[in-house]
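Reading through the structure tokens given below for one structure.
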Amino acid sequence: NIYRYLLKDGELSEPIGWLVDKQDLDFSTIESIAIDGDMWITDKDGNIFKYTQGKKQEFSVKNISEEFNGPIKIATSEESEYLYILDKNNQKVTVLQKDGEFVKEIISESLASGENIVALRENEILIISGSLIYKIML
């Protein structure tokens, strides 16, 4: 399960199960999680799941040239209107609107070694690759 805690009088509550609908979510295959008010989860098969207030929402990627078919990492922030997807098997970062609509992709051989992705500001992301950090301005 994924838990949340409430802060009351400077102390944390007992853990409260946050996920209401865990259907189709195999915790052993989770690849990454990003939180922006909603929770975005990716798995090792290239699926993206969206949860709002603990409930699974319909979400699909639209108008993408090639489906994700392996482990992907996701990043976003509350301030951003985009999801950033690191697909190191295909050496690319895909930018999606939060409704799943394709925006653009960045392709580079350097992305094949990417281990994680971090959203900084609206048009900046970091790709972490061992001791190297790549900054991409979109």
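Structural remarks
- Legend: distances between Cα atoms for Lys50/Lys135; Lys8/Lys98; Lys22/Lys104; Lys56/Lys92; pairs beyond 29 Å are Lys8/Lys98; Lys22/Lys104.
- Taking all protein chains as they are arranged and a probe of 1.4 Å, the heavy atoms of Glu14 leave approximately 140 Å² accessible to solvent.
- Backbone geometry of region 94-110 corresponds, through the Karplus equation with coefficients 6.51, -1.76 and 1.60 at θ = phi - 60°, to 3J(HN,Hα) couplings of 10, 9, 10, 6, 6, 8, x, 6, 5, 10, 6, 9, 10, 10, 7, 4, 5 Hz, x marking Gly and Pro.
- Sulfur and carbon atoms: percent of accessible area, the chain [1.4 Å]: 45
- Between the residues Val93, Phe68, Ile106, the greatest Cα displacement towards the positive end of the dipole of region 49-111, with unit charges on the Cβ of Lys, Arg, Asp and Glu, is found for Phe68.
- Note that region 115-131 has calculated 3J(HN,Hα) couplings of 9, 7, 9, 10, 8, 9, 10, 3, 10, 9, 9, 10, 10, 9, 9, x, 8 Hz, one per residue in order, obtained from phi through the Karplus relation 6.51 cos²θ - 1.76 cosθ + 1.60 (θ = phi - 60°); glycine and proline are x.
- Taking amide H atoms as placed 1.01 Å from N in the peptide plane, the amide H of Asp36 has no partner under 5 Å among residues 5 or more positions away or on other chains.
- Counted residue by residue at 0.36 nm each, then reduced by the alpha carbon distance between them, the extension gain from Leu25 to Glu78 reaches 16.7 nm.
- The calculated pair-distance distribution of the chain uses every alpha carbon pair, bins of 10 angstrom beginning at 0, and gives 12, 41, 32, 13, 2, 0 percent.
- Counting only protein heavy atoms and using a 1.4 Å probe, the accessible area of Asp99 comes to about 80 Å².
- Accessible area per residue in Å² at 1.4 Å probe, computed on the chain: 58
- Shown in residue order for region 62-75 are the 3J(HN,Hα) couplings computed by the Karplus curve 6.51 cos²θ - 1.76 cosθ + 1.60 at θ = phi - 60°: 10, 6, 9, 6, 9, 5, 6, 9, x, x, 10, 10, 10, 9 Hz (x for Gly and Pro).
- Loop GluC sites (Glu not before Pro), region 56-106, which have at most 13 other Cβ atoms in a 10 Å radius of their Cβ (DSSP): Glu58, Glu66, Glu67, Glu78, Glu79, Glu81
- Each Lys and Arg contributes +1 and each Asp and Glu -1, all at the Cβ; summed about the Cα centre of region 6-138, the dipole is approximately 200 debye.
- As computed over region 58-107, the Cα convex hull volume per residue (Å³): 80
The values are calculated or read from the model by the stated rules, or taken from the named source; none is laboratory data. Since this is a predicted model, take the numbers as computed values, not measurements. Here the Cβ is made from the backbone with ideal geometry for all residues, glycine too, and neighbour counts use every protein chain on show. Please note that ligands, DNA and RNA were not included when accessible areas were found on the heavy atoms of the full protein model with its side chains. Shrake-Rupley method; radii C 1.70, N 1.55, O 1.52, S 1.80 Å.
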